[in-house]
Amino acid sequence: MSDHTARGVLHIHSAPGALCPHVEWAVGSVVDARLDIRWEAQAAAPGTFRAELFWRGRQGVGATLASTLRGLSHLRFEITEDASPGCDGSRWSHTPELGIFHATIDSHGNIMVSEDRIRYAYEMGAGDPSAVYQELSLALGEAWDDELEPFRHAAEGAPVRWLHQVG
């Protein structure tokens, strides 16, 4: 990881109650701090909980958080890492059914699809517009957005907390 500072947001969209302490421990181990996350009931999935945390740390913390959390089953989350000197921004989305999705994002949160990925979609489509559409849908993470959207709406107006990486 670089010494440059990055920042972002961790959205835990849904976690079973029994998993919440494990999430706190996992996130705390990445940011090197003891956490006491304020969990809210997740209306989109009764019996689960949600939390939002702003974080600040070295470049690459978002990727480390995503790698750490993806191993926890039954967890839905999104992580953003804003662009910082020498690094593009990133977004990771995870659902139990789809696994993890990563995308490079611009300063407004738009997914940036590379030239090579677009060319790949053309090649896979081989003249079939529906196949090109499917490949571009995959490149944009639309399946993850579709699955996470009800959880995002259920979180509107919820409080957030800042995390600062120690060391």
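The values are calculated or read from the model by the stated rules, or taken from the named source; none is laboratory data. Fair warning: this is a prediction, and the values are worked out from it, not measured in the lab. For neighbour counting, all protein chains shown are included, and Cβ atoms are generated from backbone atoms with ideal geometry for every residue, glycine included.
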Residues Leu65, Leu69, Leu75, Leu136: which one is closer than 18 Å to Pro16 by Cα, crowded, with 16+ Cβ neighbours inside 10 Å and out of contact with any Phe, Trp or Tyr (no Cβ under 6 Å at 6 or more places or on another chain)?
Leu75
Test set (1) over 22 Å from Glu149 (Cα atoms); (2) modelled with pLDDT under 95 - His108 fails condition number:
(1)
Which members of the range 23-39 meet the condition of being touching a residue at least 12 places away in the same chain (Cβ under 8 Å), surrounded by fewer than 15 Cβ atoms within 10 Å (Cβ to Cβ) and not small (Gly, Ala, Ser)?
Asp32, Asp36, Arg38
Of the residues that make up the range 87-104, is at least one of a type outside the set (Asp, Glu), surrounded by fewer than 15 Cβ atoms within 10 Å (Cβ to Cβ) and more than 30 Å from Ala44 (Cα to Cα)?
no
Determine which member of the set Ala63, Ala51, Ala43 is among the aliphatic types (A, V, I, L, M) and in a loop (DSSP other than H, G, I, E, B).
Ala43
Scope the range 66-86; condition of a type outside the set (D, E, K, R), part of a strand (DSSP E or B) and under 27 Å from Ala41 (Cα atoms); matching residues:
Phe77, Ile79, Thr80
